[in-house]
1. What number of residues within segment 1-38 satisfy the criterion of being surrounded by 13 or more Cβ atoms within 10 Å (Cβ to Cβ), in contact (Cβ under 8 Å) with a residue 12 or more places away in the chain and of a type in the set (A, V, I, L, M)?
2. Of the conditions (1) part of a loop (DSSP other than H, G, I, E, B); (2) surrounded by fewer than 17 Cβ atoms within 10 Å (Cβ to Cβ); (3) of a type in the set (Val, Ile, Thr), residue 55 fails just one. Which one is it?
Amino acid sequence: MNREHTLFHLQEASEELARMINEIKTDQSYSSGELYVSMAHLYHHINTAWNAREISSSQAQECSEENFKLWQQFPTDIDLSNES
């Protein structure tokens, strides 16, 4: 696992989630549009953390446009229908 790359994206996701929660709690005018933008940012980082977890350091540094788009997609190898 590319720990550095994965950790970066998980930290970014954590910060975005904390920011979203704080804004929803404190800003009565927080809108669905703002939630949409924040959720897209959050999913980008969570999905990239998972989808790019096995990339090399050079792939992470290069990050082609194709990989950028591919890595941020919702994972296809996680089955959310299984309940533990």
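Quick note: the coordinates plus some simple rules give every number you see, no bench work behind them. Note that the structure is predicted; figures quoted are calculated from it, not measured. Glycine gets a Cβ as well: all are built from the backbone with ideal geometry, and neighbour counts include every protein chain shown.
1. Number of matching residues: 5.
2. So residue 55 meets the others, but not (2).
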